[in-house]
Amino acid sequence: ILRLNDLWMTSAPRNLSDFFEIVKDFFDNHDILYTSNKSISGTTIEHKIDFILPMPKGKEKLIMLIPNLTLQSAKINAFTWLDLNAAVQNSEKIILINDLFSNNENEFLSQKPIQDNALSILRAYSDKQLLWSTAKNDRSFIQQLKVNSN
């Protein structure tokens, strides 16, 4: 049973809750301070932000997860940042995209194709758009997320 659990834990996330848990564990393992699942009032509605990371001088990094980048998910995230613009002016808006999936036959991780038009929408409204396959192994990304970094 433990071996099956290990296979499941190393496979790519299949949905938002899987991806959320993997990112949460990553933050915990790297001692990154965060608040998760916090709602912020926008101009029209409240928006749930997956992770909020405190930074020096009262600034924050707001991280939203996209487990499966589609044109629709890009539009939803763009609307969120646009609607929150006045409330989070001093915050860095980051999108973390899951670009990995598992092959059901062999459980190998492989990269999902990323739609350029969906990525273009995210670039227009967020400060950073990061692919999980790259970010999780990038030491500079990890350092940028820690409170003591500038």
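The values are calculated or read from the model by the stated rules, or taken from the named source; none is laboratory data. All values derive from a computational prediction rather than experimental measurement. Note that we place each Cβ from the backbone using ideal geometry, even for glycine, and neighbour counts take in every protein chain shown. Accessible surface areas use protein heavy atoms only, side chains included; no ligands, DNA or RNA. Shrake-Rupley method; radii C 1.70, N 1.55, O 1.52, S 1.80 Å.
The figures follow:
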{"quantity": "Backbone HN-Hα couplings from phi across segment 131-141 [Karplus 6.51/-1.76/1.60, Hz, Gly and Pro as x]", "calculated": "8, 4, 4, 8, 4, 5, 10, 9, 4, 5, 4"}
{"quantity": "Protein-only accessible surface order, largest first, of Y125, Y34 at 1.4 Å", "calculated": "Y125, Y34"}
{"quantity": "Net charge over other residues, Cβ less than 11 angstrom from the Cβ of M55 (K, R count +1; D, E count -1)", "calculated": "+2"}
{"quantity": "Under 22 Å from K59, Cα to Cα: lysines that are on another chain or at least 8 residues apart", "calculated": "K24, K38, K48, K93, K128, K146"}
